[in-house]
Each structure stands twice: as C-alpha cells, then as structure tokens.
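Read the figures in this text as sums done on the coordinates, not as results from a lab. Computed from a predicted model, the values in this text were never measured in an experiment. Cβ: placed from backbone, ideal geometry, glycine included. Neighbour counts: every protein chain shown.
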Amino acid sequence: MFRFQELDYLFALAVVPVLIVLFITVIYWRRKKIKQLGDERLVESQLIGFIPGRSTLKFILLTIGLVFTIVGLANLQSGDKIEKVQRKGVDVVIALDVSKSMLANDIQPNRLTRAQQLIMTLTDKMQNDRVALIVFAGRSYLQVPLTVDYAALKMMVQNVSTDMVPTQGTVIGDAVDMAVQSFSQTELKYKSLIVISDGEDHDEEALKKVQAAAETGVVVHTVGIGSPQGTTLYDPETKAVKLDENGAPVISKLNEEELRSLAAAGHGTYSLLQNTNDVANKLISNLDGMEQKSLGSVVYTDYTSYFQYFLLVGLLAFLAELLIPGARSKRTNAKKTKAVATKTMKTAAPAAATTAMLLLMIISISANAQNNANFLLQQGNKLYDQKRYDEATANYLQALKKDPTNATGLFNLGSALYQKKQYDSSRKLMTATAEAIKDKGGKAAAHYNIGNTYMAQRKWEDAIAAYKNTLRNNPQDADAKYNLSYAEEMLKKDKNGGGKNDKQDKQKQEQQKKDQQQNKDKKDKDKQDKQDQQQENDKDKKEDKDQQPQSQPSKLTEQQAEQMLNAVQQQEKKLQDKMKKGKGIKVKMDKDW
C-alpha cells in the first residue's frame, strides 16, 4: 500500500507541462530563424561547437530532476509493517430528514445545512464506532451501510439534498424500520439510532415502531432542527412562499414534543440543535457511555518513507545537466576561443534556468504553509460572514496550526468565539492579539473586543478599562466612546439599584398599555352597541311609517340611506354564516413538506 504524505506538493507538477510547451515553442522559433538564413542542416553545421540534440538532452535532464524533486518532497510512503489492533465500539445509524421543510431558514443558512454540519462534526469525533446513513422523507433510503470509512460517509453527507427522495412528507417510522434492519439481528445491545429532523411527522406509527426498536436493544436519540415559532417555506415551482390547500402560507415549525416522546420511548435523549459542537459532544458522550462490543481486528500499517531516493535522483539529474557541455571545443586557438565563448553562453542559460527554477521551487515550498494558512483564513472569513461560526472556528484553528504566530488568525478566532458566546476564550485570544501586534489600530480593535466580552458578561468595570485602552490607541474611535459611556452609566445604575427601578418602570409601562387597550376595547364596544340600537329604532320607525297611507313616496335622507345599507349588510352576513354551517367540515389533505 502506497501513499503520499504531503499531497500539496504534487500540485507543483503542473509547472512541468508549461515548461515543455515553452521549450517546444523555443525550438520552433529557433528553426524558423535558421531557415531564414538558408538550409537548416547546412547552417547548423557552420555553427561553432554546435552539437545536435544537446539542448534537448539537457532540457530532459532538467525536467527529470524537477519531477523527482517534487515527488521526493511529497514523500512517497509504503505500508510494510503491519500490526493488528483490537477495536471496540457501537453501531450507529444516522437517520437524516430530507423533506422540503428542511429547507426552512429559521436557523441559518437552513435546517438541512445545519444537520449536515452536525453529522460532519459528529464523525470527526468518532474513533471506533461503525456508522451508517439513512435519508428519509415520505420513504427511506440507505445511503451508506455500517462502515468505519468516515471519509466516504462525509462525502455522501455533503451531497445530500431534498431531491434525493421523490416521495415527500416526513415518515420517521419508515426510517426506524430501515435502521433496525441495518443492525445485527442477533444482538440486543451495542446499537444506537440518531434521528435528525424538524419533527413534522406524518406517520402515526412512529412511536410504536420506536418502542419496538427499543425492545431489540436500539437506543434512539433525537435531534431537533428549527425553531418552535417556525417560518414560511419557499416553493421553487412558483418561486414564492408555499401555500396550503386553503391559500394560506405554510408555516413549518419544530415539533419538539414529537421528538421528545420518540427519544423517551427509545430510552435515549433529545437535543435542540443550537451549538453544533455541544450537541455532537453530548451524542458522543452518550455513545461512549454505552456498552462497547469488539468489532474485530483491523490492520494498522506503519509507513516507510522513500523521499530520499527521489531527491537523490533529482539531484543527480541536475548535476548531469550542469556538467554536460552544451557545445563542442575546437583545436585552433582562434576557434578555441570562440568555442569556449559559445560553450559558456550555451551552458550558462540552462544553468541559470535550473538555478532560477530551484529557487522558485524552494520559495514556493517555504511559502506553502503560509499560503495554506492565508487560504484557511480567507475561507474562515467567508464562513464568518455567513454566520457559520462553528465552521469558521475550525478554519481559524487549522490556520493557526500552520502559522501559530499569525495575529490575524488569533483575532479572527477570538471574534468567532465571541459570536459563539464563549466570552472567556475569546478574551484570552484578544489579549494575546493585543500583546503580539504592534500596530495601534490593531491593538485598539483587540481591546475594543475585549471590552465587548466584558459587556456581554455585565462586568462593567473591566469593560470600562478595556474601552479606555482602546481610546489610548485610537482616540477617535466613536464606538468605543459610546460603549464606554454606556458601561459607566450601567455601573452607576447597578451601584444605585437602578436595575430594580428600571424593571419596575418597565412593568408599570406595560400595565398602563394594557389598561389603555382595555379602555379602548370598551369604548369601541359601547359605540357599536349604540349604533346597533339606533339601527333597530330606525327600522321600527320605518315599518310604522310604511303601514301609513301615503300619496307619494318620500325621498330618503343621506343618513337614512346609510342606516338601511348597514341593516342589509348585517342580514346578508347572518345568511352567509348560516350557509357556512351547512357546508360541513373540509377533509384535511396530506402535507408535502
């Protein structure tokens, strides 16, 4: 079994085809110029010290040296020492909801993406457990059977979408059945099912099926995705908000009660997904607390490196290219002088090219770690802007592993931790940034963020000190001035018991608003009663007047016409209500989200 330890260096091989194309271009250009002087062979024979094919040979040696050097730096390894290691763990099946409701964005960027992030984090924390993946909506499909190949599982998770299951809906019971079939049927333990869903279950049999699974030794954990308040869904067909059969917007809500009942029936735990890392740690803790089974022996290989052989071949190729003369020497003194000059010119160019390429390669290799760190920082910044703070934190940590002294990485990691409400850790990183950076603007920004961490914890005195440090480095920072004054005001209120008075004032204001609303409702009701009474009186007067003989119909006043119109509208409303009662109850249709 062979592998490359440092795959990144192999990207440098892309320069080889470029060099070949350039060399061929130079050869064609040279021949074109020679043909302009006359017959190609005749002109070449007149060139002093010219050796046909020598430049091509030197270029081939140069290319071989470059290729072997790059491959040597990538460090080819083979696994020849084999040891057998005993593994213990449990079988875990992850059932992921891919119904349309998982596209709701009540948690950013949407429910499905956050679920994918959770699975990726969860597998990163696993060591010896076997994992399987099931996706479900109206039906369930096994995407990855039980395996220890976490890389394959991650690749499948990244490609999950709501279009994978043609039958829409949310049928958790079907996913439970498929999970039970994926486990060993002869064991009554070592099995766990993790259901990740928003809980909008259209299957009334799910609870019974979870109870049946628990009897076979399956421990069922559930993870809720979304918010209890819910949000509207986007319909890709109409490119607008999704509507139900009555034309009302569809609101998709997290059904925590459903998921809690399933977890209780499966002797497991329920978790609301807010912080991905915290939920993953909780699940791993539960899995580690289960009784472990022996999963057999696996082969672990100890790798032997062969980089030195490739570097040796590359060095020999470079030396050969330098030592092979580019031109033939002559016996005649005059010609000998010219030959030496020609030789110097012809060998100097390849030697210079070789040296330049070697220097370029060394510079690119030495800068590789720094470039990788900068790339990770850029990726982390994009994720930070998308409010994907867990992933941004992971990128910043990887960048700091490659370049631990990077002040930008320290600052950005501290900012991400602040967004995750890990204020103490954020403050430590900001303090380290303030000490490491020499630029006053950077120091001011670090102290400003330190002040924000104290503000979040209501530590007003520490926040005041931090904002003062900010203003020492940047006296023009308006935000720091505002926060400083706010912290000082809050400190005074705390000392004077102002927090309690503020709470009482707020309660008093809310009570006043409530009383005003009740008075308004009462006035509206009295006004409506008076209008109804007036309409009844006017109606009685009109009926009495109609019974009296009249020679000519009298003309209605504008007020009387309005009263009559209101009476007609009330009668029509009563008639419509009566008709609605006779229509019966509509049949509730199955939802497709």
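Could you work out how far apart the two model spin labels at K154 and L315 are, taking each label as a point 7 Å from the Cα in the direction of the beta carbon, and quote it in nm?
Result: 3.6 nm between the two label points.
Mind checking the full-extension length gain between V18 and Q274? Use 0.36 nm per residue of separation minus the Cα-Cα distance, one decimal, nm.
On the way: separation 256, 0.36 × 256 = 92.16 nm, distance 4.96 nm.
Residue separation times 0.36 nm, minus the Cα-Cα distance, leaves 87.2 nm.
At D124 and V241, where each label point lies 7 Å from the Cα along Cα→Cβ, what is the point-to-point distance in nanometres?
My value for the distance between the label points is 3.7 nm.
With each pseudo-label sitting 7 Å past Cα toward Cβ, what's the E489-L397 distance in nm, one decimal?
Using points 7 Å along Cα→Cβ, the separation is 3.9 nm.
Round to the nearest 0.05 the FRET efficiency obtained for Y306 and D385 when R0 = 45 Å and r is the Cβ-Cβ distance. It would help to have the intermediate numbers written out before the result.
Working: r = 44 Å, r/R0 = 0.97.
The computed FRET efficiency comes out at 0.55.
How fast does region 86-298 diffuse by Stokes-Einstein, in µm²/s, taking the Kirkwood radius from C-alpha pairs at 4 °C and 1.567 mPa s? Can you show the working numbers first?
Numbers: Rh = 17.3 Å.
In µm²/s, the coefficient is 75.
Using the Kirkwood radius over C-alpha pairs as Rh, can you work out the diffusion coefficient of region 370-495 via Stokes-Einstein at 20 °C, viscosity 1.002 mPa s, in µm² per second? Kindly include the intermediate steps, with their values, before the conclusion.
On the way: Rh = 14.8 Å.
It comes out at roughly 145 µm²/s.
Within region 442-457, list the residues whose amide N lies under 17 Å from a label point set 7 Å along Cα→Cβ of N496.
No residue passes the distance filter.
S161 to L471: extension gain in nm, 0.36 nm per residue of separation minus the Cα-Cα distance? It would help to have the intermediate numbers written out before the result.
Numbers: separation 310, 0.36 × 310 = 111.60 nm, distance 4.97 nm.
This chain segment gains 106.6 nm when fully extended.
Taking amide H positions as placed in the peptide plane 1.01 Å from N, state which residues far from A132 in sequence (5 or more) or on other chains have amide H under 5 Å from it.
V92, V93, I94, T147
Give K33/K58; K382/K402; K239/K282; K191/K253 a once-over and call out the pairs whose C-alpha atoms are over 28 Å from each other. If you can, show how the numbers build up before the last one.
On the way: K33/K58 21 Å; K382/K402 19 Å; K239/K282 39 Å; K191/K253 30 Å.
Over 28 Å Cα-Cα: K239/K282; K191/K253.
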